[in-house]
1. Kindly indicate the residue of region 27-55 that is aliphatic (A, V, I, L, M) and without any contact (Cβ under 8 Å) to a residue 12 or more places away in the chain and also surrounded by the fewest Cβ atoms within 10 Å (Cβ to Cβ) among those meeting that condition.
2. Can you run down the residue pairs with Cβ atoms below 9 Å, 6 or more apart or on separate chains, where the first is in region 3-14 and assigned to a helix (DSSP H, G or I) and the partner is among the small types (Gly, Ala, Ser) and exposed (fewer than 14 other Cβ atoms within 10 Å of the Cβ)?
3. Test Tyr19 against the stated conditions and say whether it is aromatic (Phe, Trp, Tyr), free of Cβ contacts under 8 Å to residues at least 12 places away in the same chain and closer than 16 Å to Cys84 by Cβ.
4. Pull up region 61-71, narrow it to residues that are touching a residue at least 12 places away in the same chain (Cβ under 8 Å) and within 12 Å of Leu5 (Cβ to Cβ), then point me to the one that is nearest to the chain's Cα centre (by Cα).
5. Of the conditions (1) acidic (Asp, Glu); (2) modelled with pLDDT of 70 or more; (3) closer than 19 Å to Ser23 by Cβ, Glu90 satisfies every one except a single condition; which number is it?
6. For region 33-49, does any single residue satisfy the condition of being farther than 17 Å from Glu9 by Cα, among the polar types (S, T, N, Q) and more than 13 Å from the chain's Cα centre (by Cα)?
7. Of all residues being outside any helix (DSSP H, G or I) and within 22 Å of Asn36 (Cβ to Cβ) in region 68-79, which is modelled with the highest pLDDT? Just the residue, please.
8. Might you let me know whether region 44-67 holds any residue that is at pLDDT 90 or above, in contact with a helix residue (DSSP H, G or I) (Cβ under 8 Å, 6 or more places away or on another chain), over 19 Å from Tyr24 (Cα atoms) and not in a loop (DSSP other than H, G, I, E, B)?
Amino acid sequence: MKDDLTPQEQRRVRAAMRYLKVSYDGWERLAAALGNCYRQVYRTGTGLTHVTAGMAARVARLAEVSLGDVLDGRFPPLGTCPHCGRRVDEFPDEDTRVVETVVEE
């Protein structure tokens, strides 16, 4: 069902997907690792379609963390860019801070 996850949980799953996308060197390889087609993973990860509970579970399994860690925002780790999925320590020349922004819908 479309409404299985709250908007905030969906944002957190997408953040985890972007983090994994960097680790797997792109949406296509991430899709293969998740066992999904590229189109579905790309559309979900970029916000073009909603995040299903099944996708959230596959993301957690691939990341080797609990589903709760993904849904509660404990994964990806603190200090991860919410846009590109890279760790802040990968940008040593920049004063970068990561915060969770709550968007009211």
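The values are calculated or read from the model by the stated rules, or taken from the named source; none is laboratory data. Please read all numbers here as calculations on a predicted model, not as lab measurements. As a convention, Cβ positions derive from the backbone with ideal geometry for all residues, glycine included, and neighbour counts pool all protein chains shown.
1. Pass one, region 27-55, residues aliphatic (A, V, I, L, M): 30-34, 41, 48, 51, 53, 55.
From the residues that got through so far, the ones that are without any contact (Cβ under 8 Å) to a residue 12 or more places away in the chain too are 31-32, 48.
On the way: Ala31: 20, Ala32: 14, Leu48: 9.
It comes out as Leu48.
2. Short answer, once both residue conditions are applied: Gln10/Gly47; Arg11/Gly47; Arg14/Gly47.
3. Values: aromatic (Phe, Trp, Tyr): yes; free of Cβ contacts under 8 Å to residues at least 12 places away in the same chain: no; closer than 16 Å to Cys84 by Cβ: yes.
No: the conditions fail for Tyr19.
4. Initially, region 61-71 is screened for residues touching a residue at least 12 places away in the same chain (Cβ under 8 Å), giving 62-63, 70-71.
Still in the list and also within 12 Å of Leu5 (Cβ to Cβ): 70-71.
Working: Val70: 8, Leu71: 10 Å.
Residue satisfying both the conditions and the ranking: Val70.
5. (2)
6. Looking only at region 33-49, we keep the residues that are farther than 17 Å from Glu9 by Cα, and these are 33-40, 42.
Those still in the list that are among the polar types (S, T, N, Q) too: 36, 40.
Then drop every residue that is not more than 13 Å from the chain's Cα centre (by Cα), which leaves 36, 40.
Yes, that holds for at least one residue.
7. To start, the set of residues in region 68-79 that are outside any helix (DSSP H, G or I) comprises 72-79.
Those still in the list that are within 22 Å of Asn36 (Cβ to Cβ) too: 75-76.
On the way: Phe75: 92, Pro76: 87.
Filtering region 68-79 for residues that are outside any helix (DSSP H, G or I) and within 22 Å of Asn36 (Cβ to Cβ), the one modelled with the highest pLDDT comes out as Phe75.
8. Yes: region 44-67 contains one or more residues that are at pLDDT 90 or above, in contact with a helix residue (DSSP H, G or I) (Cβ under 8 Å, 6 or more places away or on another chain), over 19 Å from Tyr24 (Cα atoms) and not in a loop (DSSP other than H, G, I, E, B).
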